[in-house]
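Notes to accompany the following structure.
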Amino acid sequence: MAENQSFIGAVNVTSTQVKCPGCGASIGIKYDPEALNLTCPFCGLVSKLPQPGTVPSIEELDFNSALQRASVNWGNAKKLITCANCGGSTIYDAEQVTGACPFCGSTSVTPAAESSQIMAPQAVIPFAVTKEQTQLCFDNFINSRRTVSKKVYGCKLENVLGIYLPFWTYDALSVSAYDAHTMETKYTPRQNFRGVMTQFFDDLVIYGSDKIRNQNIKRVQEFDFQRMVPYSPKYLAGIPAERYTVGLNDGWERAKTQIREKIKRTLNRRYFMKATIDAIVTNYYNVKFRYVLAPIYLATYTCGKKTHTVAINGQTGKTYCEVPTFLAKLVLIPLAIMLVVLVLFFFLVIVPELR
């Protein structure tokens, strides 16, 4: 691996090397999520990395000033691979060879020119779940579901991929002015009123990609941000990372959509659904953000003739996927019984009377 490098069209432009302090090897060093360290495959030397929860908290950056100072230094040499089939962009170690897109499996992948406007991450949430443990996470999820079809039990995960995905987190103080009214009733007239509500939002999580190839990601993107560490390319050793495609501004717009929905729910709870909210105008203050790489396992499993996608949180093990159920049978069986009863009733009671 190499430090302080950037790539233009996958061409190496600097050459500072980071090597194993034991034997000098620089290729094949892997991050171990179970031991939270780097291990050299040649001499076996284990290099300890800063452990989650033992480092100072990651500073949140001011939203407005950050737009003028995007960082693009990923630390070690990275190459950007773009898939011609699904458009996914994945960042790999410079020496890592990949022949297929990790998202759709297409082999039509090519190096892409890096943009000088792409921000480097501030922090990493290291993998804490190993690839071998993903099957247990999947089994636990299946066992926790109700009305699961028996054929799902025993299914094995396939195409398991550990990848760092891009996420934005936003903090903001919201001040909302609102107009509302109560409905006129037989006993009370319509009442119009106004108010102001303040609400602080902490660590709103926005997935930083518009190439969502696994709809289950949003179901597992709950992370313990107290255990993230300052970004270091060492945590990405041997693990691909997806480059964000949803920029800082677009991410903030999506965060504001979440904020508005949360404000509406808060107001509805405040008035116990007795009032109708006519208008809300919100101003935002002291907006902060972080750009974080977070660990996700993407996988599939096959049940019968259908393949389902799976997402597993690489920090907490939280899992989500669509699961075939026997709920349809629970509905169809009573309907079938009712149909049989009606047919018998018709032939045994109605028909004889007509004769």
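One table, with the values for the structure above:
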| quantity | calculated |
| --- | --- |
| Residue among ILE296, ILE263, ILE277 that alone is touching a strand residue (DSSP E or B) at 6+ places or on another chain (Cβ under 8 Å) and assigned to a helix (DSSP H, G or I) | ILE263 |
| Of the criteria (1) under 23 Å from the mean Cα position of the chain (by Cα); (2) modelled with pLDDT under 70; (3) surrounded by fewer than 18 Cβ atoms within 10 Å (Cβ to Cβ), which one ARG145 fails | (2) |
| Subset of the range 195-210 (residues that are over 12 Å from the mean Cα position of the chain (by Cα) and under 19 Å from TRP252 (Cα atoms)) | THR198, GLN199, PHE200, PHE201, ASP202, ASP203, LEU204 |
| Every residue from the range 275-330 that is under 13 Å from PHE138 (Cα atoms) and modelled with pLDDT under 90 | GLU322, VAL323 |
| TYR284 vs. criteria touching a Pro at 6+ places or on another chain (Cβ under 8 Å), in the same structural domain as ARG243 (by TED's automatic domain parsing) and either of a type in the set (Ser, Thr, Tyr) or within 25 Å of THR188 (Cβ to Cβ) (or both) | no |
| Considering residues of the range 301-319 that are hydrophobic (A, V, I, L, M, F, W, C) and within 16 Å of VAL152 (Cα to Cα) only, the residue surrounded by the most Cβ atoms within 10 Å (Cβ to Cβ) | VAL310 |
| Pair list, Cβ under 6 Å, 6 or more apart: the range 219-241 residue under 19 Å from VAL205 (Cβ atoms), other residue charged (D, E, K, R) | VAL220/LYS318; PHE225/ASP203 |
| Complete set of residues in the range 130-151 that are closer than 14 Å to TYR297 by Cα and hydroxyl-bearing (Ser, Thr, Tyr) | THR130, THR134 |
| Whichever residue in the range 163-200 is of a type in the set (Phe, Trp, Tyr) and surrounded by 11 or more Cβ atoms within 10 Å (Cβ to Cβ) and, among such residues, is nearest to THR282 (Cα to Cα) | TYR178 |
| Which numbered condition ALA120 fails, given (1) more than 22 Å from LEU236 (Cβ to Cβ); (2) part of a loop (DSSP other than H, G, I, E, B); (3) modelled with pLDDT of 70 or more; (4) not aromatic (Phe, Trp, Tyr) | (1) |
| Restricting the range 201-229 to residues that are more than 20 Å from ILE259 (Cβ to Cβ) and among the polar types (S, T, N, Q), the residue that is surrounded by the fewest Cβ atoms within 10 Å (Cβ to Cβ) | GLN226 |
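Yes or no, residue by residue, for (1) outside the structural domain of HIS308 (by TED's automatic domain parsing); (2) touching a Ser or Thr at 6+ places or on another chain (Cβ under 6 Å); (3) of a type in the set (A, V, I, L, M); (4) part of a strand (DSSP E or B):
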site: TYR178; (1), (2), (3), (4): no, no, no, yes
site: GLU184; (1), (2), (3), (4): no, no, no, no
site: ASN192; (1), (2), (3), (4): no, no, no, yes
site: VAL196; (1), (2), (3), (4): no, no, yes, yes
site: PHE200; (1), (2), (3), (4): no, no, no, yes
site: ILE206; (1), (2), (3), (4): no, no, yes, yes
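The values are calculated or read from the model by the stated rules, or taken from the named source; none is laboratory data. Remember, predicted model here, so these are calculated numbers, not experimental data. Cβ atoms come from the backbone with ideal geometry, glycine included; neighbour counts cover every protein chain shown.
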